1. For residue 10 and residue 86 in one chain, what is 0.36 nm times their gap in residues minus the Cα-Cα distance, to one decimal in nm?
2. Label 7 Å along Cα→Cβ of residue 20; segment 69-112 residues with amide nitrogen under 15 Å?
3. How charged is the neighbourhood of residue 87? Take every other residue with its Cβ under 12 Å from the Cβ of residue 87, and add Lys/Arg as +1 and Asp/Glu as -1.
4. By count of other Cβ within 10 Å, fewest leading, how are 82, 54 ordered?
5. Report the one residue of 55, 29, 39 whose Cα lies farthest in the direction of the positive end of the charge dipole of segment 10-70 (charges on C-beta: Lys and Arg +1, Asp and Glu -1; origin at the Cα centre).
6. Given Cβ point charges of +1 (Lys, Arg) and -1 (Asp, Glu) and nothing else, what value in debye, to the nearest 20, does the dipole of segment 21-117 about its Cα centre take?
7. Work out how much length residue 97 to residue 140 would gain on full extension: take 0.36 nm times their residue separation and subtract the Cα-Cα distance, in nm to one decimal.
8. Got a sec? How would 23, 95 order by Cβ neighbour count within 10 Å, fewest to most?
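All of the numbers you see were taken from the coordinates with simple rules; none came from a lab. Worth saying up front: this structure is predicted, and the values here are computed from it rather than measured. Cβ atoms come from the backbone with ideal geometry, glycine included; neighbour counts cover every protein chain shown.
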Amino acid sequence: MQFLLTDTNHPRRTATLVGHVAKLLADLPNVTGHILTAIDGVAAEAKALLESKDNITERLGELIEINQGLLNAIGVGHPKLDTIAKITREIGWTKLTGAGGGGCALTLLREGHFLPKNYCEVEADVYLGVQECVLKSVEEDLINEGFKPFEVELGGEGVTILLEFEELLGTAFETSIDCIRTPQKWRTWT
């Protein structure tokens, strides 16, 4: 699965957002409780999808949109997150990360719509019927709105750091996980 992570460049305070939801739950327990239960249901459905072997991208995308709507309903969204969702609608499904209120948005990219990062090695005109320029155009639109997009994907090698920072880890951490050395000055834990 490929994602676009977009920083809104809008600071937020998690404690303030949590306090708002707590107040909403105290003031409107029946309504807010049902919304929180629905959010839990969306998360459970997404977990089941991720554990399955099925082609899940479209269904997971639907759940992401539902989840974002529910998060907006309890007041942890932000207009900048909504703007990112509008800009990225063509390429995937977007929701807030963390506590919301700004911060970052995560967009699950639709499958088969974009060239891989090494697209120069394949026919650059078409990859499964959709051109790379669509993704690049969306990224440019995000940048023009003052956001910072980053292409990311799940299923990488693991956590990787520069070896200069190795002494900060300590031997107890190193022996507790499967650790491999990689070329140059990197160390990866899988």
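1. Details: separation 76, 0.36 × 76 = 27.36 nm, distance 1.72 nm.
Taking 0.36 nm per residue and subtracting the Cα distance, the gain is 25.6 nm.
2. 69-83, 96-104
3. On the way: positive: 80, 86, 89; negative: 82, 90, 139, 140, 141, 145.
Net of charged neighbours comes to -3.
4. Numbers: 82 15, 54 9.
Going from sparsest to densest Cβ surroundings: 54, 82.
5. 29
6. Details: 10 positive and 11 negative charges, 64 e Å.
Using only the charged Cβ atoms, the result is roughly 300 debye.
7. Working: separation 43, 0.36 × 43 = 15.48 nm, distance 2.13 nm.
Separation in residues times 0.36 nm, less the Cα-Cα distance, equals 13.4 nm.
8. Numbers: 23 12, 95 24.
Ascending number of Cβ neighbours within 10 Å: 23, 95.
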